[in-house]
1. How long, wide and thick is segment 75-124, going by the Cα atoms along their three principal axes, in whole angstroms, largest first?
2. Residue by residue through segment 165-172, which ³J(HN,Hα) values in whole Hz follow from phi under the Karplus form 6.51 cos²θ - 1.76 cosθ + 1.60 (θ = phi - 60°), with glycine and proline marked x?
3. Which distance in nm do the two modelled labels at F158 and T146 give, with both placed 7 Å along the Cα-to-Cβ direction?
4. Per-residue counts of other Cβ atoms within 10 Å, averaged by peptide: what ranking do you get for 177-183, 80-86, highest first?
5. If you add up the charges near G39, with Lys and Arg at +1 and Asp and Glu at -1, over every other residue whose beta carbon is less than 14 angstrom from its beta carbon, what do you get?
6. Which value, in Å² and to the nearest 10, is the accessible area of Y120 when all protein chains are kept and the probe is 1.4 Å?
7. Ordering E157, E77 from largest to smallest accessible area (1.4 angstrom probe), what's the sequence?
8. Might you work out the accessible area of L125 for me, using a 1.4 Å probe with all protein chains in place, and round it to the nearest 10 Å²?
Amino acid sequence: MKKMIFLAGAGLAAAAVPVSAQAQDATAGAQPFIGVSAGYHDLGVDDEVTIALEGFEITDSSPILGVVAGVDVPVSESFFAGVEGNYHFGTDAVDSEYGASVRLGYMAEGGAKFYLRGGYQVIDLDPYKLTEPEPPAGSLDDLDDTGGDYLVGAGVEFPIGGIALRVNLDSVGFDTMRATTGVTFSF
């Protein structure tokens, strides 16, 4: 099921590229952007894992801070397609994460953008911060703590002066929930 959803999103993205190339002549050009982002990533592990050792508790979420960059291309007066990359570092269970996504959306008359997105996200965990209390130093050094999966989500951006305020809600592999908010600057 996950692969079918990912393939459907990739197909939509592939279909949007030729359309965006044709529409570039009829509408304004590409709109590159860069910005900062902050949020909260809940890995959803605490519902799936039971620790057999008494006194340990799962702490599977983390505040995240980072940067985003991308470009949107109008495909008509009201619709756009774009790509976006992100890098975030976490303060708890998430050590860092990065990925790329395709955005397809609607542009309202006042400049607000409403979009869906799909892509791939890699998450590097800090296994020592997944439980409370932390395990002894060195006990988890051989653990594979990096994984990736497809990202699906939705977002909205509102222009205010020369910046845009944005809010995104994403899931990585339909296992985690990630909410971010930020500010982007177009140039």
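The values are calculated or read from the model by the stated rules, or taken from the named source; none is laboratory data. Bear in mind the structure is a predicted one, so any value in this text is a computation, not a measurement. Every residue, glycine as well, gets a Cβ built from its backbone with ideal geometry; the counts of neighbours run over all protein chains shown. Areas reflect the complete protein model, heavy atoms only, side chains present, ligands, DNA and RNA absent. Shrake-Rupley method; radii C 1.70, N 1.55, O 1.52, S 1.80 Å.
1. Principal extents (Cα only, largest first): 42, 19, 12 Å.
2. 8, 9, 9, 10, 10, 10, 10, 9
3. In this crude spin-label approximation the distance works out to 3.9 nm.
4. Result, highest mean first: 80-86, 177-183.
5. Details: positive: R166, R178; negative: D42, D92, E97, D170.
My count for the surroundings of G39 gives -2.
6. Approximately 110 Å² for this residue.
7. On the way: E157 15, E77 170 Å².
Output order, biggest surface exposure first: E77, E157.
8. About 50 Å², ignoring ligands and nucleic acids.
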